[in-house]
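Single-structure report; data block below.
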Amino acid sequence: MVSSERTATAAASPLRAALWMSGAAALFTGMVVCVRLLADTMSVFEINFFRASVGLILMLPMLARRGIGQMRTPKLPLYILRVMLGYTGMLCFYSAVANLDLVTATTLNISAPLFGVFFAWLILREKVGLERWALTALGFVGAMVLIRPGFSEVSIWMLVAFASAAMYAITTLSIKVLSNTEPVARMIFYMNLLFVPASLPLALVYWTDPTWDD
């Protein structure tokens, strides 16, 4: 019942969904700039750890207001899978941002929706029309134009950026599945809660004391 109601709401509000996605893209761009600046003095492992830690701290007022009881979930295995994929994807993307120019890294990473179409068809069995397949193929052609295989050396970091896009696409599918029964606040809470211990070991190995500017 909950799933059908949310599906109907989403179908009735494509403009709202587009606005949310536009806002997410704008904020994501700001995050990418921060990562690029931090990568000069800090490892991607530590950046990932601080991202999750600060995110968890920002969730604490919401947790205090709603109570820990509302954060209980039977979907913990799926949350763990989501965090594993998301953590790998972020490490790949942060590494690409640290080693490529920002335009190239970001452009390759935004191919995630192209992977999303394929994985949605393969895993969720969603119907994908000919028009959408054609647009997806065109998007991949655009990515190949940027990489120019055979005309210039393909950097390993370009492939890493592509890998991050694929990971992000699968992570998005897990969010789609979770959203059928899980509220948004709970999904964000568990993402940050599980990210902190997952990112801490490697952050400690490559730790650099952050400055106030960092």
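Tabulated values for the structure
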read-out: For the chain, radius of gyration divided by Kirkwood radius, i.e. Rg to Rh on alpha-carbons; value: 0.98
read-out: In sequence order, calculated HN-Hα J values of segment 23-38 (Karplus, 6.51, -1.76, 1.60; Hz; x Gly/Pro); value: x, 4, 5, 5, 5, 4, 4, x, 5, 4, 4, 4, 4, 4, 5, 6
read-out: Per residue value of the accessible surface for the chain (all protein chains in place, 1.4 Å probe), Å²; value: 60
read-out: Nearest-0.05 FRET efficiency for SER53 and THR211, computed from C-beta distance (R0 25 Å); value: 0.90
read-out: Within the accessible area of the chain (1.4 Å probe), percent carbon and sulfur; value: 72
read-out: Peptides 93-105, 168-180, 57-69 ordered by average Cβ neighbours within 10 Å, highest first; value: 93-105, 168-180, 57-69
read-out: Magnitude of the charge dipole, the chain, Cβ model with Lys/Arg +1 and Asp/Glu -1, debye to 20; value: 940
read-out: Whole-Hz ³J(HN,Hα) from phi, Karplus 6.51 cos²θ - 1.76 cosθ + 1.60, for segment 186-199, glycine and proline x; value: 5, 5, 5, 4, 5, 4, 6, 4, 7, 5, 4, x, 5, 8
read-out: Modelled FRET efficiency - R0 35 Å, ARG16 with ASP101, Cβ distances, 0.05 increments; value: 0.55
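The values are calculated or read from the model by the stated rules, or taken from the named source; none is laboratory data. Only a predicted model underlies this, so the values are computations on that prediction, with no experimental measurement involved. With ideal geometry, Cβ positions are generated from the backbone for all residues, glycine too; neighbour counts draw on all protein chains shown. Ligands, DNA and RNA are stripped out before the accessible areas are found, and what is left, the full protein with its side chains, is counted by its heavy atoms. Shrake-Rupley method; radii C 1.70, N 1.55, O 1.52, S 1.80 Å.
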